[in-house]
Structures are given as C-alpha cells and as structure tokens.
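Got a structure for you, questions after.
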Amino acid sequence: MRILSITAGAAEMYCGSCLRDNALAAELLRQGHDVTLMPVYTPTRVDQENVSEDRVLLGGVSVYLQQHLALFRKTPWLLDRLWDSKFFLNLVSKRSIEVNPKALGALTIGTLLGEHGPQNKEIKKIVHWICNEKPYEVINLPNAILIGLAGPIRHATGQPLCVTLQGEDLFLEGLPQEHRTRALALIRQQIPNVDMFIAVSDYYKTFMSNSLDIPLDRIRVVPLGVSPEDLSPGGRTRLTSDPFTIGYLARVAPEKSLDLLAKAYRIFRKDHGLGPARLEVAGYLAPEHRPYLQNIENQLRQWGLGNEFHYHGTLNREQKVSFLRSIDVLSVPSTYCEPKGLYLLEAMACGVPVVQPNHGAFPEILERTSGGLLVTPNDPDSLADGLAAIRQHPGQAREMGDRGAANVRKYYSVNHMAERMMRVYSEVVNNDNANASTLQSLTNQ
C-alpha cells in the first residue's frame, strides 16, 4: 500500500509521538509498503534510524512569520525555501523555542483554520506537493491539532484520510481558555473530513470520543509498539545488589510529576528502612522547566538525600538501553492521565518492573503485560509502598520483569503495531472504494 504519514517534529526533543511515527513507518517499509514519512514544523529527532524525508512541510519559521507578520503571507514560495530548509530549521531548533501552549493559542487557532487562516499559503504548499506526487492510497495526520489540513487535503486528493490521536489533549488543555474553546470547536468542524481516527490506547479512544464528540465507531485503536531487539534484559543482576535503584525516564516536566516521585522516595528511604538506594533520572528538560528540577534537587538536599539523586540529561538510544539495564524499577507517576507510556514498554522490554498510577493507559498496559504494579494516583505514600513492594519481594519482582519482557514482545511489538495499522488502513481504503462504486452506480442510473 502507498501511504503518506505526516509527523510533527518537536525540534531538539525526543518526542514520544515522533518515536512512534518513525518506528511505525520503518516497520511498514520493512514489510514492503511504500511509505513516505513527511515532517511538519521541524525535522524529527528519533533514537533509531530516521526514515523521514529531508524536506519539512508547514515549516515552523514560516508558520510563525505568517501568523505574526502579514507580509510573509505573500512572499514567493521560492524565497520561503530559505527558512523552510532542513539546515535552517535545525539551526533554529538548537536555540530555545516556545512550546508552552499558553503562549501558542493564536498560532494554534491559525493552524486549525486551515486555508481560511494566516497559514493559508503553507496549506496550499502541502496540497500542491501531495497533488504532484504519485497518488497515495491513504494519508495520515499525526494529531487532532493538525486536523485543519484534513479538509483541504481530502477535497484536493479525494483519498482516504486518517488522524492519529496520541496525546494532544495535554496541549489543548494548556491553551488559554478563549483559545481552547475555539480550538475544540474548529477540531469538531473538521471531523466529517476524516475517514477514521486512530487512538493509541483504549483509554484514549473513549476519552477523545467524549472530548471531541467523535462517534466511537469512527475510532480504531492501534496500541504502541517498540522494537525490542536491543531492549533485552541484561546488565547487572537485578534486585540482588545494593544500592536499590529507582529510575525515571521521561520529560522532566510538572505533568510527569518527578516531584511526586521525589516525595515518595523520601518516604521510601525514611519510613521503610530498606537499605541503600538511588534515584536516577533521565529525560528532556525544557529551559522553562529548569527551575522545577532545581526545586526538586534542593528539596532532596534538605531531606539529606541529595547525594542519592542524579540527573543524566537527554539520552540517545544506546544510553537509554544502558540506563534501563542499570535500574531495578521504573516509575513515572504522571498526575495527568497519559494515553501512551512508551517508556513503560521500553523498561519492561528490558525486564524492568514498573510502578505506575492507576489511571490513563497504564491499567490496560499492565493488565496485558503483568509487568508492574498500579498505585493510587497523586499519592506519594501509595507510590512509596509500591516501590517498597518491589524491593521487599525480589523474586516476585524478577518474575514480574520476565512477564513484562515477554508480553511486551507479544502485545506491544512494532510488528504488532504495524499489522494493526494496516488493518485500519485496509478498512478505510475498502470503504472508500465501496463508496466510490456506489456513487458511480447511482450516477449511471
């Protein structure tokens, strides 16, 4: 099948959605499908082979300039290539860029307005490019925030169009109230232009159906998948050597709740008396969240635990695998209901048990994998008890890690994700062909 998959670049950050989109495209290519993975905004940063195109559509600099300066809505396309180039976008991405939704309300609305908004020229570029390519059988947008592209692309190409739902609610919720209300209304207006929505978890299917008024029969679930080849259990002997090491691998941001884990770690160390321990943290840290991390470090020092904490920064693939093999348990106690949890799958694939709050997609992941424990959300005492249970029962924890590693490969492999996705794509293509045949029959009568 010939597929166009659009993916939203996140500058210098390893973005879970970019990792998922790239892994899916790479696996579909391996299986023999003709897949074009096209970035928008910025080039993508992934920790495995990047199969995306060098060209970037809807370039972040152009989008920004056209939003704020009317002159750039009329500049020649040839001139736009200067700031739409991969080189220039990579250069800009190395500097601090604004990703806070509170400051991006107007830009979000502009994008959702599609051809009726200030980025009309960029929409025309995308449509022109697609129409001059060999026809695609299905086109996939990466999230509902880009659904403003659906109408123009669908009307110009007549090809089936899907939208992946994979975590955009957090961004939408962070918009200023007036922008959030309008953004939701604009997304709902575009729903008829989408053939099928694809949620990354059962939880998110229901949540987004309720949030955006999408009929449940218009959403299919394609769970995340990981490439487990290098994510095999290994490294040090787990749960038998001191210090007991608790790991955190995710963006360092308030919604991921490293501060809650730090509080639980204090309870774990001071109240449970279980011997030496470490709290090891890795993940992208945005400039605006540096004070958040500093506050956590200061608090741990005040508790006399500063020497047991270490922040490793952003990790590449090799470093990530090494990090996961060095910890005894992983916990990212997000206070918001996450739809994905890619880091859980990677940890469990390495045989590492996890302790997570009982909300979002976590319950369904752990029900399928049996690779961890669920605790009360936003409760440091419950989280500390879960971590202590892993420490106090090493044999059971080791069995948990083994089950998790086996079941990630059974239910959450990249091959499984690709097979599920192809069933969805085949469904929408067959439905589109059937509708076209029906219309042709009616026309001939």
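For (1) basic (Lys, Arg); (2) under 21 Å from residue 230 (Cβ atoms); (3) part of a loop (DSSP other than H, G, I, E, B); (4) assigned by TED's automatic domain parsing to the domain that holds residue 267, each residue gets a yes or a no:
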| site | (1), (2), (3), (4) |
| --- | --- |
| 365 | no, yes, no, yes |
| 377 | no, no, yes, yes |
| 384 | no, no, no, yes |
| 395 | no, no, no, yes |
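Okay, next question. Looking only at segment 351-382, count how many residues are more than 17 Å from residue 250 (Cα to Cα), polar (S, T, N, Q) and buried (at least 24 other Cβ atoms within 10 Å of the Cβ).
1
Exactly one condition in (1) under 13 Å from residue 265 (Cβ atoms); (2) over 21 Å from the mean Cα position of the chain (by Cα) is false for residue 331; which is it?
Status for residue 331: all satisfied but (2).
Looking only at segment 30-69, filter to residues that are within 16 Å of residue 109 (Cα to Cα) and surrounded by fewer than 18 Cβ atoms within 10 Å (Cβ to Cβ); which one of those is modelled with the highest pLDDT?
In this case the residue turns out to be 68.
Could you identify the single residue in 247, 273 that is within 15 Å of residue 386 (Cα to Cα) and without any contact (Cβ under 8 Å) to a residue 40 or more places away in the chain?
Just one listed residue meets the conditions, 273.
Something else now. Consider residue 262 against the criteria (1) touching a Ser or Thr at 6+ places or on another chain (Cβ under 8 Å); (2) surrounded by 15 or more Cβ atoms within 10 Å (Cβ to Cβ): it satisfies all of them except one. Which criterion is unmet?
Here residue 262 meets the rest and fails (1).
Of everything in segment 265-288, what is assigned to a helix (DSSP H, G or I) and buried (at least 17 other Cβ atoms within 10 Å of the Cβ)? Give them in sequence order.
265, 266, 267, 268, 269
Which numbered condition trips up residue 176, out of (1) surrounded by fewer than 18 Cβ atoms within 10 Å (Cβ to Cβ); (2) out of contact with any Lys or Arg (no Cβ under 7 Å at 6 or more places or on another chain); (3) within 25 Å of residue 251 (Cβ to Cβ)?
Every listed condition holds for residue 176 apart from (2).
Continuing with the same structure: Within segment 244-255, does at least one residue satisfy the condition of being more than 27 Å from the chain's Cα centre (by Cα), modelled with pLDDT of 90 or more and not β-branched (Val, Ile, Thr)?
Yes: one or more hits.
Quickly run through segment 99-153 and pick out the residues that are out of contact with any Leu (no Cβ under 9 Å at 6 or more places or on another chain), in a helix (DSSP H, G or I) and either of a type in the set (Lys, Arg) or under 18 Å from residue 195 (Cα atoms) (or both).
121, 124, 151, 152
From 122, 137, 98, which residue is among the acidic types (Asp, Glu) and modelled with pLDDT of 95 or more?
Being among the acidic types (Asp, Glu) and modelled with pLDDT of 95 or more holds for just one of 122, 137, 98, which is 137.
So for segment 168-186 (the condition being modelled with pLDDT of 90 or more, closer than 17 Å to residue 2 by Cβ and not in a helix (DSSP H, G or I)), does at least one residue qualify?
There is no residue in segment 168-186 that is modelled with pLDDT of 90 or more, closer than 17 Å to residue 2 by Cβ and not in a helix (DSSP H, G or I).
Additional query: Could you check, for segment 313-332, whether at least one of its residues is buried (at least 24 other Cβ atoms within 10 Å of the Cβ), of a type in the set (Ser, Thr, Tyr) and modelled with pLDDT of 95 or more?
Among the residues of segment 313-332, at least one is buried (at least 24 other Cβ atoms within 10 Å of the Cβ), of a type in the set (Ser, Thr, Tyr) and modelled with pLDDT of 95 or more, which makes the answer yes.
While we're on this one: Testing residue 116 on (1) farther than 30 Å from residue 342 by Cβ; (2) crowded, with 16+ Cβ neighbours inside 10 Å, one condition comes back false. Which one is that?
(2)
The values are calculated or read from the model by the stated rules, or taken from the named source; none is laboratory data. In this text, all values refer to a predicted model and were calculated from it rather than measured experimentally. Note: ideal-geometry Cβ built from the backbone for every residue, glycine included; neighbour counts use all protein chains shown.
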